[in-house]
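Contents: one structure, followed by commentary.
The values are calculated or read from the model by the stated rules, or taken from the named source; none is laboratory data. Bear in mind that the values here come from a model prediction, so they are computed numbers and not experimental data. No Cβ is skipped: glycine too gets one built from the backbone with ideal geometry, and neighbour counts run over all protein chains shown. Calculation scope for accessible area: heavy atoms of the full protein, side chains included, ligands and nucleic acids excluded. Shrake-Rupley method; radii C 1.70, N 1.55, O 1.52, S 1.80 Å.
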Amino acid sequence: MLDIRCLRQELDATEAALARRGYTLDRARFEQLEARRKELQVRTQELQAERNTRSKGIGQAKARGEDIEPLKAEVGRLGEELKQCETDLHVVQAELDALLMQIPNLPQADVPDGLDESANVEVRREGVPREFEFTPRDHIDLGLPGGWLDFEAAVRVAGARFVVMRGAMARLHRALTQFMLDLHIERHGYQETYVPYLANPESLEGTGQLPKFDEDLFSVNCDQRFRLIPTAEVPLTNLVREQILEAESLPLKMVAHTPCFRSEAGSYGRDVRGLIRQHQFEKVELVQIVRPEASPAALEELLGHAEAVLQALELPYRVMLLSAGDMGFSAARTYDLEVWLPGQDAYREISSCSSFEAFQARRMQARFRPKAGERPELVHTINGSGVAVGRALVALLENHQQADGSIRIPAQLQPYLGGTSVLEPPSEQ
RNA sequence: GGAGAGGUGCCGGAGCGGUCGAACGGGGCGGUCUCGAAAACCGUUGUACUCUCGCGAGUACCGAGGGUUCGAAUCCCUCCCUCUCCGCCA
């Protein structure tokens, strides 16, 4: 949520910044609501003040044993206008809040112009895509032997956009998860955190999935309030909702491994084959809760932590700075990590690292106290995937495949696979 | 799911419908004392919002939302949550 003062005091600049990301502010509506709010609030507070003093007077008169009936009649008339004003004010306030909740975050000044991914800027490349002495296969082919990756079985169990993994592939998937968790816990200083996979609407509003993007989420039948989390960002970030943190406790650095559930409404026909876009996938998520002045550096740091995963897995990637229009609703600045996929002959997103500044904190009322006795201030929130496990699996298969269909395991991952250096495909029967 | 108890400020914990933003205790902050510290003592200490250039003034908030009343933390209704016991369950 934007600070309403952006709209009150710097309407032109705010409108322009929102336009950069393709959002058209309904300026007339805001100005009309705001004017009405002001009028009603001033009047309501006047009336309340008067009622308070008069009621107090009645109390004192009664204590002196005077006749209070005439006084009561007088205040009674005042009460009717007050009630009307309060009701109207509530309505206007609610409309104003609803409007505010629909407005996305402002992009940082140096975020590139542009309305979609074509305007994203490549920051740098790491690693060099390998030259294959044979025609590389994609992960779907590589996953065929022994039902390593079985999409048809998943259709029977659930439906499209799910997968069943077997044997070494399932273990590799688990190994990747464990490796990433350990890396962030032991080398990057994150606290391992276990969180609920269902979230209530308040939490989803806090991070920005609701009220606008409910169709992207799965709801639960038995309790209409719950949604399946689309990312661990939701539970992790909301751990500080409505909290006032001590300054010394910052930064908070948390990592969690969770499944993520996304309806993928509106992505029909995109990535229909394979593991790239699933209704259910695993992700290791990094979240930092920081003081405002620390947030730019913290985003760069967190980006480095995500990159460390790809480097350890010996995967070539590039870092993209997203254009204003390609960022998510709540983000002020986003870097995507795109990993090289030989099967697609393209770089594909495997991590997204964003700073939300105070946008989520304001929705969550997540604050910290700079010094004992001082007023609380909103924290900044930052998160990033470190990294998407399913896509990491794809990248590993496709980049480290060998001519015979076996998969080379990078040295740092080997301890998680009992020291195995090559995954041999099961022999076909 | 059944039965019961309860939701008050940073924490504990009071609160006949009227000077209650809330006693009291703890904690925090500032000070006195001290070489320093502890103890003791004194003072202070919520959040959000509105109007105002500013000084300042005002409003709201005692789980949430309604209602009764001139006036509600206190009375009534609805909802939410937490805890205890039973049942069920990994």
Quiz prompt | Pairs of lysines in chain A (C-alpha under 19 Å apart; 8 or more residues apart or interchain) | solution = 6
Quiz item: How big, on average over all directions, is the shadow cast by the Cα convex hull of the range A:308-429, in nm²?
Solution: 11.8
Quiz item: Which whole-number value in Å² is the accessible area per residue of the range A:117-423, probe 1.4 Å?
Solution: 42
Quiz item: Any idea how far the Cα center of the range A:203-234 sits from the one of the range A:244-312, in Å?
Solution: 17
Quiz prompt | A:Gln41 versus A:Leu144: modelled label distance in nm, points set 7 Å from Cα along the beta carbon direction | solution = 6.6
Practice problem: Could you work out the equivalent-ellipsoid semi-axes for the range A:26-101, taking the square root of 5 times each eigenvalue of the Cα gyration tensor, largest first, in whole Å? | Solution: 36, 9, 8
Practice problem: Please tell me the relative contact order of chain A in percent, rounded to the nearest whole number, where contacts are Cα pairs under 8 Å and at least six residues apart. | Solution: 20
Quiz item: For all pairs of alpha-carbon atoms in chain A, what percent lies in each bin of width 10 Å, listed from the first bin to the last filled one?
Solution: 4, 18, 26, 22, 13, 8, 5, 3, 2, 0, 0
Quiz prompt | Segment A:Ala346-A:Glu242, extension gain: residue separation times 0.36 nm, minus the distance between their alpha carbons | solution = 33.2 nm
Quiz item: Stretch A:Glu95-A:Arg29 to full length: gain in nm at 0.36 nm per residue minus the Cα-Cα span?
Solution: 22.8 nm
Quiz item: With contacts defined as alpha carbon pairs under 8 Å and 6 or more residues apart, what's the relative contact order of the range A:76-224 in percent?
Solution: 12
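Would you mind telling me the share, in percent, of accessible area of the range A:1-160 contributed by carbon and sulfur at probe 1.4 angstrom?
That fraction is 51 percent.
Is the shape of the range A:177-316 best called rounded, prolate or oblate, per the rule: a/c under 1.5 gives rounded, else a/b larger than b/c gives prolate, else oblate, with a ≥ b ≥ c the square roots of the Cα gyration tensor eigenvalues? Please report the intermediate quantities before stating the final value.
Working: a/c = 1.98, a/b = 1.19, b/c = 1.67.
Here the range A:177-316 falls in the oblate category.
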Self-check item: Point-charge dipole on Cβ atoms (K/R +1, D/E -1) for chain A, about Cα centre, debye to 20
Solution: 1000
Quiz item: When the chain is fully extended, how far beyond the present Cα-Cα distance does A:Arg125 get from A:Cys222, taking 0.36 nm per residue of separation?
Solution: 30.2 nm
Exercise. Enter the accessible area per residue of the range A:26-101 (Å², integer; probe 1.4 Å; all protein chains in place).
Key: 67
Exercise. Determine how large the accessible area of A:Asp150 is when every protein chain is in place; take a 1.4 Å probe and give Å² rounded to the nearest 10.
Key: 30
Quiz item: Which value, in Å² and to the nearest 10, is the accessible area of A:Thr193 when all protein chains are kept and the probe is 1.4 Å?
Solution: 30
Exercise. Could you work out how far the C-alpha centroid of the range A:347-365 sits from that of the range A:102-149, in angstrom?
Key: 19
Quiz item: Under the definition of Cα pairs under 8 Å and six or more residues apart, what whole-number percent is the relative contact order of the range A:26-101?
Solution: 51
